[in-house]
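Notes follow once the structure below has been shown.
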Amino acid sequence: MYVVTPYPNVLYAFDLTTAGYPLKWKYRPENNPSAVGTACCDAINRGAFYADGKIVYNLLDGHTVAVDAATGRELWKTQVADLGQGETTPMAPFVAKHRVFVGPSGGEFGIHGWLKALDLETGRVLWTAYNEGPDSDVLAKPGVFRPFYDKGADLGASSWPADVWRRAGVPVWGWLSYDPELDLLYYGTGNASPYNPEQRSGDNKWASSVLARRPEDGALVWAYQFTPHENWDFDANAEMILADLDLAGRKRQVLVHFDKNGFAYTIDRRTGEVLVAAPFTPLNWATRVDLQTGRPVVDSTKLTGASRGNIHDICPSLEGGKSPASPASYSPRTGLFYTATNNLCMDYQASRSTHIAGTPYIGANTPYHAGPGGYMGAFIAWDAVRGRKVWEIREPYPVWSGSVVTAGGVVFYGTLDGWFKAADAATGRPLWKFKVGSGVVGAPITYRGPNGKQYVAVYAGIGGDWFLLSGDVRSDDPADIRPPADFMPDIARHTSQGGMVWIFALP
């Protein structure tokens with residue numbers, strides 16, 4: 001088992017064949033400490049990828065490394081991002097067709113967002129595709145790029161004011177998927193910069209979008225924008241789950257995406273056509289998604305901007321109806337998708353912001369409060385064919401963990417107040433829970449061990465936004481006296497900072 005820590009991004013290999021799972025080797029990379037001060041939302045790491053005898057992962061300071069999976073020896077190390085521009089690299093890389101795909105964080109710093117492909121064997125950069133800008137930068141080629149809803153050339157530049165796209169954010173810090181039959185790589189993009197939308201008129205393509213590219217050369221095949229002229233920091237970096245579903249009596253190759261904006265989308269992954277779009281959590285910034293145009297029908301009273309003053313009670317908050325950092329899961333046996341959700345709303349007061357490379361480029365004050373019903377999160381099962389919630393387990397705090405569902409009909413998730421839980425995948429009936437000590441913001445996994453038994457593992461340790469908002473949860477720092485966020489003042493009573501892998505055996 002391989003485990004990557006937050007900064008300084010140490011990689012551990014544990015021997016699962018021996019009692020106590022002793023450490024086999026440890027790789028400690030050189031990692032620029034100034035990255036900690038540049039990272040937007042805590043010094044986190046979203047994991048590693050195993051391919052061809054290598055463990056490949058990103059360091060916070062803008063490097064991608066490959067390590068020999070058997071020995072821990074560094075094989076190559078490539079600089080992919082520029083700290084000086086505000087780019088950091090906490091995302092988990094993805095490997096397909098002998099290429100390593102990586103992208104940057106930095107939507108809060110006004111970076112020029114991109115995706116890069118590296119050679120798996122050498123680490124050499126093979127191509128770079130930008131997410132905004134003219135077609136030559138975006139790798140949108142005539143006759144190849146065919147979006148379902150949009151027409152015209154240079155959409156990634158013409159939908160922004162002149163040259164604003166050069167500092168527009170649009171990062172890639174979430175998850176990627178690959179369909180080998182269609183030979184398409186799918187990923188979501190993040191928010192537009194700055195948070196004051198009046199400084200960037202237009203749709204701002206391709207911020208808050210899903211892009212489908214050819215992995216060989218990066219050519220863009222189609223793109224769809226979930227939240228045009230993104231007013232609320234609704235990143236679309238969440239995972240794109242690939243499934244084959246029956247819709248209206250026809251088998252469709254789809255991707256299912258739970259967006260920060262509160263809508264769940266079922267999209268034809270060949271073409272980018274939206275087949276189903278429905279709210280999965282309380283929202284009020286839009287009333288629906290028009291399936292003819294693909295555009296949300298926006299409530300104009302919830303639009304933001306410096307000239308509009310403080311806009312109250314926007315749902316969901318910019319933490320999202322679901323965090324992109326909380327991967328959902330899918331069971332072909334039940335036909336359901338399982339995801340953590342948030343029930344938070346916000347006030348939003350935008351202000352004018354000036355871009356200085358490598359410094360925050362935000363311009364908004366956005367206090368949160370609990371959404372309708374007073375609870376702040378839930379874990380749900382979702383029917384992506386009908387666009388409806390099947391069952392729900394409400395939680396007192398936002399739910400920020402990923403989930404995993406087994407063929408035996410059990411789904412696992414964790415909570416911010418330090419519980420690891422199991423529920424019946426068909427009904428949502430709670431089956432089991434265990435106190436892991438620290439809030440769970442990672443994704444559980446299941447695997448078959450060397451002894452043939454099935455195990456479930458989870459990395460517990462509150463971090464990211466919730467470490468920043470939870471107040472004093474550090475026992476090792478007497479100077480850490482931060483007050484908690486006022487919308488959840490008691491979270492530190494239930495969790496402290498941690499960092500432990502828990503492994504459970506299934507009976």
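Within the stretch 257-267, not a single residue is on the phi < 0 side of the Ramachandran plot, in a loop (DSSP other than H, G, I, E, B), more than 22 Å from the chain's Cα centre (by Cα) and not charged (D, E, K, R). Name the residues in the stretch 199-221 that are open to solvent by less than 10 Å² (accessible area, probe 1.4 Å) and on the phi > 0 side of the Ramachandran plot, would you? Correct list: Asn204, Ser208, Gly218. Checking Ala264, Ala207 one by one, the residue that is of a type in the set (A, V, I, L, M) and touching a helix residue (DSSP H, G or I) at 6+ places or on another chain (Cβ under 9 Å) is Ala207 and no other.
If you check Val144 against the conditions, is it β-branched (Val, Ile, Thr), open to solvent by 40 Å² or more (accessible area, probe 1.4 Å), modelled with pLDDT of 95 or more and under 29 Å from Gln292 (Cβ atoms)? Answer is yes for this residue. From the list Gly53, Gly107, the lone residue that is open to solvent by less than 40 Å² (accessible area, probe 1.4 Å), touching a strand residue (DSSP E or B) at 6+ places or on another chain (Cβ under 8 Å) and without any contact (Cβ under 8 Å) to a residue 24 or more places away in the chain is Gly53. Condition check for Val67 on (1) open to solvent by less than 30 Å² (accessible area, probe 1.4 Å); (2) over 14 Å from Asn9 (Cβ atoms): one failure, at (2). When the strands (runs of 3 or more DSSP E) confined to the stretch 369-456 are screened for residues that are within 30 Å of Ile311 (Cα to Cα) and open to solvent by 10 Å² or more (accessible area, probe 1.4 Å), those reaching at least 1 such residues are found at 388-395. Being among the small types (Gly, Ala, Ser), in a loop (DSSP other than H, G, I, E, B), without any contact (Cβ under 8 Å) to a residue 40 or more places away in the chain and open to solvent by 20 Å² or more (accessible area, probe 1.4 Å) holds for only one residue in Gly152, Gly133, and it is Gly152.
Answer yes or no as to whether Tyr330 is among the hydroxyl-bearing types (Ser, Thr, Tyr), modelled with pLDDT under 95 and either open to solvent by 20 Å² or more (accessible area, probe 1.4 Å) or more than 30 Å from Gln253 (Cβ to Cβ) (or both). Criteria not met by Tyr330.
The condition (being out of contact with any His (no Cβ under 6 Å at 6 or more places or on another chain), without any contact (Cβ under 8 Å) to a residue 60 or more places away in the chain, within 16 Å of Phe263 (Cα to Cα) and not in a strand (DSSP E or B)) is satisfied by just one residue among Leu318, Leu291: Leu291.
State yes or no: is Tyr224 at pLDDT 95 or above and crowded, with 20+ Cβ neighbours inside 10 Å? Yes, satisfied.
If you go through the stretch 22-40 and keep only what is surrounded by 14 or more Cβ atoms within 10 Å (Cβ to Cβ) and either in contact (Cβ under 8 Å) with a residue 60 or more places away in the chain or under 19 Å from Val458 (Cα atoms) (or both), you end up with Thr38, Ala39, Cys40.
Identify the residue in the stretch 333-368 that is part of a strand (DSSP E or B) and of a type in the set (Ser, Thr, Tyr) and, among all such residues, is modelled with the lowest pLDDT. Please lay out each step first, then the result.
Filtering the stretch 333-368 for residues part of a strand (DSSP E or B) gives 336-342, 344-350, 364-365, 368.
From the residues that got through so far, the ones that are of a type in the set (Ser, Thr, Tyr) too are 338-339, 341, 348, 368.
Working: Tyr338: 98, Thr339: 98, Thr341: 98, Tyr348: 97, Tyr368: 93.
Among those that are part of a strand (DSSP E or B) and of a type in the set (Ser, Thr, Tyr), it is Tyr368.
Name the residue that is nearest to Arg200 (Cα to Cα), counting only residues in the stretch 260-288 that are open to solvent by 10 Å² or more (accessible area, probe 1.4 Å) and among the aliphatic types (A, V, I, L, M). It would help to see each step written out before you state the result.
Of the residues in the stretch 260-288, the ones open to solvent by 10 Å² or more (accessible area, probe 1.4 Å) are 260, 268-271, 273, 275-279, 281-284, 287-288.
Next, from what is left, pick out any that are among the aliphatic types (A, V, I, L, M): 275-278, 283.
Values: Leu275: 30, Val276: 29, Ala277: 26, Ala278: 28, Leu283: 24 Å.
Looking at residues that are open to solvent by 10 Å² or more (accessible area, probe 1.4 Å) and among the aliphatic types (A, V, I, L, M), I get Leu283.
The values are calculated or read from the model by the stated rules, or taken from the named source; none is laboratory data. Keep in mind it's a predicted model, so treat the numbers as computed, not measured. Positions of Cβ are backbone-derived with ideal geometry, glycine not excepted, and every protein chain shown enters the neighbour counts. Heavy atoms of the whole protein, side chains included, go into the accessibility calculation; ligands, DNA and RNA do not. Shrake-Rupley method; radii C 1.70, N 1.55, O 1.52, S 1.80 Å.
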